[in-house]
Amino acid sequence: MRRKTWTTVLLSALTLAVVGAGCSKGTAETTGTGAGSKDNGGKPVEILLGYYSDGKSDAKMKELIDKFMKKHPDIKVNTQSAPYGQFYQKLDTQIAAGQAPDVWLSDGVYVMKYAERGAVKDLTEWIGKDLKKDDYYGLDFNKDAKGKYWAVPQGIQVGALFYNKDLFDKAGVAYPNEDWTWEDLKKNAALLTLDAKGKKADESGFDPKNVNQFGLTFFSITEGWFSVMKSYGGGVLDDTVQKSVINTPQNKQAFEWMVDGMKRGIITDPVDLKSFQSSMAVFPSGSAAMRIGIYARVLAANEAKLNYDVTLLPKGPDGKRVSPVIANSWVVNQKSSDAKAQAAWEWIKYWATEDDVQKEWAALGEAIPVKKSVANSDVFLKAGEKPANRKAFLDSLEFAKTLDNNAVWEEWVGKFNENAQRAFLGDAPIDAALADADKAVQKVLDDFYKK
């Protein structure tokens, strides 16, 4: 396999696709006391820790870092934090220049990008020695085809079906349950879709171009087409994540399901989403009865004071169920000295093994705790009044799949989306859109993996 250097991808950092959000923070330095590793001469080992954040999470992270240094007086931690997009633009530039943090928080979809480009350290030996794998969710989501582990999860995001109970009650429709198929979802979504005149999707005179309330909203790989394609037996890449498998009968069937729902006005299409402040605002605003959403979407739903709950995503025609999962994770810089790398690993162990750390971070409500004992406790399961069925997120991890992550994830997702939108908007037949997507995605893969 050919590995591209970070210098050759520096330009791509300037066009990084922003898929998260936070608030701007500069570089900060903190010190403390505790037990850790020492550099030559008995001086504290000084490391740089990088992460993306918003104001609330930034304050909590710094608090946890202070506690870490009190336990490890031989380690001094400097921090670098910023909003999501800014953080990753700067990080790619730093990696190319050999100046990246010693340990940083990687979006789960980027772990293999860093691993395959030689930017992060293989953690297999350390994980085997210091962590009990059965105690954690998500460790295997960072394992490559050769069995090597490249990161330790910081927090888990997994998809589930969110539903607005008030809209269901008003329409007299029974709440979703774990037996639903995607066809069941569409059938019920039609009863929950209303145009400007109050007509339902299957009623005579319904206007699919003038919908006030959608039965289902979804968008993006994570919270849209990935789960549908996978549960229909399709997908984008094969197990090697180096070959496209887009142009298949299973994917055609999944696309027929999606396109039909969009044409009928039941599911939000790309044009519908443009009428909202953001694609993520449709469900919290009460404009959709259901959505595919990762755990983090609980925050917006709660802030909007929705009367809602969650359940498992529907099954495909053969009974297969797939939830998208992202394990945002800690990685260690491959170029860090042994002393700095060991100090970085102490931080990762502290995060993963200390129950208090896991509980304090879980209290923010941003992610599912990675330690099973904490995730299965009232700290997570009863963290708030809604959603009542938080266990659905943990149950979804049993059939969760990563998003075909590889070194060129952003590039192939972009090519796939371009062609998928042509089908969603009716600008191209499904067969043509899938064939073109297959060729475009395979070219991205070949440009990186083939000599």
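Here are the numbers:
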read-out: Enumeration of residues in the range 134-181 that are among the aromatic types (Phe, Trp, Tyr) and more than 22 Å from the chain's Cα centre (by Cα); value: Phe168, Tyr175, Trp180
read-out: Helices (runs of 4 or more DSSP H) enclosed by the range 248-365 - at least 3 residues per element that are in contact with a strand residue (DSSP E or B) (Cβ under 6 Å, 6 or more places away or on another chain) and either open to solvent by less than 20 Å² (accessible area, probe 1.4 Å) or at pLDDT 95 or above (or both); value: 338-353
read-out: Filter result for Gly155 (of a type outside the set (S, T, N, Q) and open to solvent by 10 Å² or more (accessible area, probe 1.4 Å)); value: no
read-out: Among (1) within 27 Å of Gln157 (Cβ to Cβ); (2) in contact with a Gly (Cβ under 8 Å, 6 or more places away or on another chain); (3) modelled with pLDDT of 95 or more, the one test that Phe218 misses; value: (3)
read-out: Residues of the range 259-296 satisfying the condition of being more than 26 Å from Leu425 (Cα to Cα) and of a type outside the set (A, V, I, L, M); value: Tyr295
read-out: Among the candidates Asn406, Asn376, residue that is more than 22 Å from Gly50 (Cα to Cα) and out of contact with any His (no Cβ under 9 Å at 6 or more places or on another chain); value: Asn376
read-out: Residues located in the range 216-242, provided they are open to solvent by less than 30 Å² (accessible area, probe 1.4 Å), outside any loop (DSSP other than H, G, I, E, B) and within 20 Å of Trp180 (Cα to Cα); value: Leu216, Thr217, Glu223, Trp225, Phe226, Ser227, Val228, Met229, Ser231
read-out: Residue check, Asn142 among the polar types (S, T, N, Q) and open to solvent by 10 Å² or more (accessible area, probe 1.4 Å); value: no
read-out: From the options Ala407, Ala432, Ala437, Ala428, residue that is in contact with a helix residue (DSSP H, G or I) (Cβ under 6 Å, 6 or more places away or on another chain) and part of a helix (DSSP H, G or I); value: Ala437
read-out: Selection from the range 409-451 of residues that are farther than 28 Å from Arg264 by Cβ, open to solvent by less than 10 Å² (accessible area, probe 1.4 Å) and among the aliphatic types (A, V, I, L, M); value: Val441, Leu445
read-out: Test result for Asn405, touching a strand residue (DSSP E or B) at 6+ places or on another chain (Cβ under 8 Å), of a type in the set (S, T, N, Q) and modelled with pLDDT of 95 or more; value: no
read-out: In the range 53-110, the residues that are open to solvent by 10 Å² or more (accessible area, probe 1.4 Å) and closer than 19 Å to Thr353 by Cα; value: Lys60, Lys62, Glu63, Asp66, Lys67, Lys70, Lys71, His72, Pro73
read-out: Residue list for the range 52-70, filter: touching a helix residue (DSSP H, G or I) at 6+ places or on another chain (Cβ under 7 Å) and either among the small types (Gly, Ala, Ser) or over 16 Å from Leu105 (Cα atoms) (or both); value: Ser53, Phe68
read-out: Pair list, Cβ < 7 Å and 6+ apart or interchain, from the range 431-451 residues that are without any contact (Cβ under 8 Å) to a residue 24 or more places away in the chain to residues that are crowded, with 20+ Cβ neighbours inside 10 Å; value: Asp436/Asn419
read-out: Qualifying positions in the range 382-422 - in contact (Cβ under 8 Å) with a residue 40 or more places away in the chain and small (Gly, Ala, Ser); value: Gly384, Ala388, Ala392, Ser396, Ala400, Ala407, Gly414, Ala420
read-out: Unmet criterion (only one of (1) surrounded by 17 or more Cβ atoms within 10 Å (Cβ to Cβ); (2) at pLDDT below 95; (3) not hydroxyl-bearing (Ser, Thr, Tyr)) for Glu385; value: (1)
read-out: Which listed residue is part of a loop (DSSP other than H, G, I, E, B) and among the aliphatic types (A, V, I, L, M), from Ala174, Ala160, Ala190; value: Ala174
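The values are calculated or read from the model by the stated rules, or taken from the named source; none is laboratory data. All values derive from a computational prediction rather than experimental measurement. Cβ atoms come from the backbone with ideal geometry, glycine included; neighbour counts cover every protein chain shown. We work out accessible area using only protein heavy atoms, side chains counted, and drop any ligands, DNA or RNA first. Shrake-Rupley method; radii C 1.70, N 1.55, O 1.52, S 1.80 Å.
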